[in-house]
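Each remark here refers to the structure printed beneath this line.
Each value in this text was obtained by applying a stated rule to the coordinates, not by laboratory testing. Only a predicted model underlies this, so the values are computations on that prediction, with no experimental measurement involved. No Cβ is skipped: glycine too gets one built from the backbone with ideal geometry, and neighbour counts run over all protein chains shown.
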Amino acid sequence: MSYRFRPLVLAALLSTAALAPAYAQKKLKYPKAPPASEIYDAVEKPAQPAGGPEAFGQYLADNQQYPTAALQAGAQGTVAVTFVIEKTGSVSNVAVAQPVHPLLDAEAIRLVQAAPRWTPAQHRGGVVRQRVTVPISFEIPGDAPAAPTAGTAAAPGTTGATTQVVSADQPARPVGGTEAFFEWIQQNQQYPALARQRKAQGRVMMEFIVEKDGSLTDIKPIKRLGSGLDEEAIRLIKAAPKWEPAMYKGQPVKQKMVLPVVFSL
């Protein structure tokens, strides 16, 4: 009886041994870790800006410095910026995917590079690098023309009661140039005590008319900051040196301008 039993035991052992490799092979099928250097466009858990998308949008609005030359040129639009969120949450490989104006493109890149760290993306159970694209909008506030090529002049042959919008042959400009004008603003700026106490800073967008004689009139803020900064911006523009007026067909004309007065602690 024992002789007959042994082949059965051997057969059972052989059968178990045959199954062992398949079982072992199945156990070794672990998910592969993401390559350390790979950049993903789509991930299971996307990277997030500090505080979330709304906080990032507020950061862009609060820290955007509209380039003066772009503002005077009437340049505006949405710059699409692409970049990589590293595993540490830092930003790298910043580039413009959809350009608008060289100065606006450069400002969009600056904003992204200076932004707070992000929460990195996660994929397949690990932290990974992710490529992100963010649109950054630049809009000139107000409905009135803000470009230096747009002036408002008295229609030819009238007494000035009737006006029409024309394209100035030569836009209005500060005496000594734009850089000299903003340097004068900074040198003569008196930071309001309330604004210092509240640590308020930013840009007050000012609208005004450059008259035919170069004087500045109809001065008003169209994007306010409060804490006394708006009033200081008005005072500065009122006290500013005369400009060189816009010219149309060889004659000076009035021109409406929009420029920022920057307050920084």
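Here are a few things to note about the model shown:
- Once the Cβ-Cβ distance of E244 and K223 is raised to the sixth power relative to R0 = 22 Å, the FRET efficiency obtained is 0.30.
- √(5λ) per eigenvalue of the Cα gyration tensor, the stretch 39-138, largest first, Å: 27, 13, 10
- With a cut-off of 12 Å between beta carbons, the residues surrounding R131 carry a summed charge of -2, where Lys and Arg count +1 and Asp and Glu -1.
- Restraint check, K87/K199; K223/K249; K212/K256; K199/K242; K199/K238; K212/K238, Cα-Cα greater than 23 Å: K87/K199; K223/K249; K199/K242; K199/K238
- Extension reserve of the Q170-Q197 stretch, reckoned as 0.36 nm per residue once the Cα distance is removed: 5.4 nm
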